[in-house]
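Here the structure is laid out as structure tokens; the discussion comes afterwards.
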Amino acid sequence: MFRAIKEKLSAFRKKVDQEAEEELKEEAREEQGVQAAETEERKAPDVKEKLTSLILKREVVIDDSKLDKILPELEMILLESDVAFDVVDRISEELRSRLRGRRKKIGESLSDVVLEELKNVLKDILNQNAFDFDEWAERKLEEKRPVVILFVGVNGTGKTTTIAKVARRLMNSGHSVVLAAGDTFRAGAIEQLEEHANRLGVKMIKHRQGSDPAAVIFDAIKHAESKGIDFVLADTAGRMHTKKNLIDQLEKIKRVTKPDLIIFVDESIAGNDAIERAEMFNEAVGIDGTILTKLDADPKGGTAISIAYVTSRPILFLGVGQEYDDLIKFDADWLIERIFG
Ligand SMILES: Nc1nc2c(ncn2[C@@H]2O[C@H](COP(=O)(O)OP(=O)(O)OP(=O)(O)O)[C@@H](O)[C@H]2O)c(=O)[nH]1
């Protein structure tokens, strides 16, 4: 997980600290008049030690000229790690304003100061509109039954598996669930969800392929009402003849079924494509949150940051494998610690 970004950050650390050390050595030599002893440095360990201790004891003020060297490299790493352009800009600006004038304390490395602050900026982005799905679900159930959750997003990203994972999570908390086969566009989508329903031992409401998905989900809601089932989890098409068809269909589903939560599902390995899709679905139907799948196979890690930023909606869960229990509640600290190691 996140191998590529980890390697880049580690190279960044080395480079920044080496350059900072060189700069400090130079200043120390000049100021302490040890320039004359420079040629002796290699021969005389005491002079070398003296230089090292001068460097460690020196406080450094991080100014714009230092930031001009450091930030572009960091921006490049973030861009290459699927953090979208606008988001990188915002992170960089924020970092500059937080770091400008900061003193690097004795014994601290410059890269630690910069990367610690970067972690704080990223946590602020990821924690905006933080949302606890489990708490929300309990609260919502006190108001109404069934609670209706719509899953939107393109095919192939793990949407069906994610619906099954969420169903399992709710069932583990003692809730009952019915699935709605709302992707009536694609041959195979209904059977695929049905397989999950069978494995989970829950009912799935379906109509034939090509039928109106709003009607399928409406029937699932009626079924849940009559049986006292807690949650309706509804699949939707991820692709249609045109984008307009898809958006019209989702708007109709929303109008008819009045979902309590709309969850966008995409895979973190899709990077910028996933970010664009998140924006598209958010504009089209207004998403309440995102579930990112396939984090376990993602070498970069920036997609979550970008999607949280561009949609201004929380990341709810992360998919970290193919099993039903491979769904973890999103936690910004968990993600950041895994990226920064
Ligand atoms: N490694 C990994 N694989 C996952 C994860 N979530 C789903 N998958 C796999 O991704 C593949 C696609 O998942 P589906 O749930 O079938 O995807 P879908 O979005 O419903 O796509 P369609 O089948 O095209 O409708 C399957 O092989 C899943 O097992 C995850 O978090 N990690």
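The values are calculated or read from the model by the stated rules, or taken from the named source; none is laboratory data. Predicted model, so just to flag it, every value in this text is computed and none were measured. Here Cβ is always computed from backbone atoms with ideal geometry, including for glycine, and neighbour counts include all displayed protein chains. Note: areas computed on protein heavy atoms with side chains; ligands, DNA, RNA excluded. Shrake-Rupley method; radii C 1.70, N 1.55, O 1.52, S 1.80 Å.
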Ignoring ligands, DNA and RNA, what percent of the 1.4 Å accessible area of the stretch 133-340 is carbon and sulfur?
-> 43 percent
A correct Stokes-Einstein calculation for the chain, using the alpha-carbon Kirkwood radius, 20 °C and 1.002 mPa s, returns a whole-number D in µm² s⁻¹ of 95 µm²/s
Out of G101, F281, Y309, whose Cα points farthest toward the positive end of the dipole of the chain (charges: +1 Lys, Arg; -1 Asp, Glu; placed on Cβ)?
-> F281
Out of Q128, V148, L115 - ranked by how far each Cα lies towards the positive end of the dipole of the stretch 109-185, with unit charges on the beta-carbon of charged residues - the top one is V148
Can you give the helix-only mean residue ellipticity at 222 nm for the chain, where every DSSP H stretch with n ≥ 4 adds -39500 (n - 2.57) and the sum goes over all residues, rounded to the nearest 500 deg cm²/dmol?
-> -18500 deg cm²/dmol
What does the accessible area per residue of the stretch 133-340 come to in Å², with a 1.4 Å probe and no ligands, DNA or RNA counted?
-> 40 Å²
Among I253, I106, I163, determine the one that fluctuates most according to a GNM of the chain built with springs between C-alpha atoms less than 10 Å apart.
-> I106
The stretch 157-242: radius of gyration and largest Cα-Cα distance (Dmax), Å = 12.2, 40
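Could you sort out which of K206/K258; K119/K254; K15/K329 sit more than 30 Å apart by Cα distance in this structure? Write out the running numbers ahead of the final one.
Working: K206/K258 19 Å; K119/K254 37 Å; K15/K329 35 Å.
Going by Cα-Cα distance, K119/K254; K15/K329 fall outside the 30 Å limit.
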Would you look at the GNM of the chain, springs on alpha carbons closer than 10 Å, and say which of E75, E22, E94 moves the most?
-> E22
Where the centre of each part is set by its Cα atoms, how far does the stretch 263-341 sit from the stretch 105-183, in angstrom?
-> 8 Å
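Quick one: dipole size for the stretch 279-329, taken about the Cα centre, charges +1 on Lys/Arg Cβ and -1 on Asp/Glu Cβ, in debye to the nearest 20.
Working: 4 positive and 8 negative charges, 34 e Å.
Using Cβ point charges on Lys, Arg, Asp and Glu, the stretch 279-329 gives about 160 debye.
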Starting from the Cα of K123, draw a straight line to each of the aspartates and glutamates and keep only those under 18 Å, dropping any in the same chain fewer than 8 residues away.
-> E75, D82, D86, D89, E93, E94, D112, D132, D331, D333, E337
Here are some pairs, K8/K300; K105/K300; K140/K252; K159/K222; K14/K294; which of them have Cα atoms lying more than 19 Å apart in this structure?
-> K105/K300; K140/K252; K159/K222; K14/K294
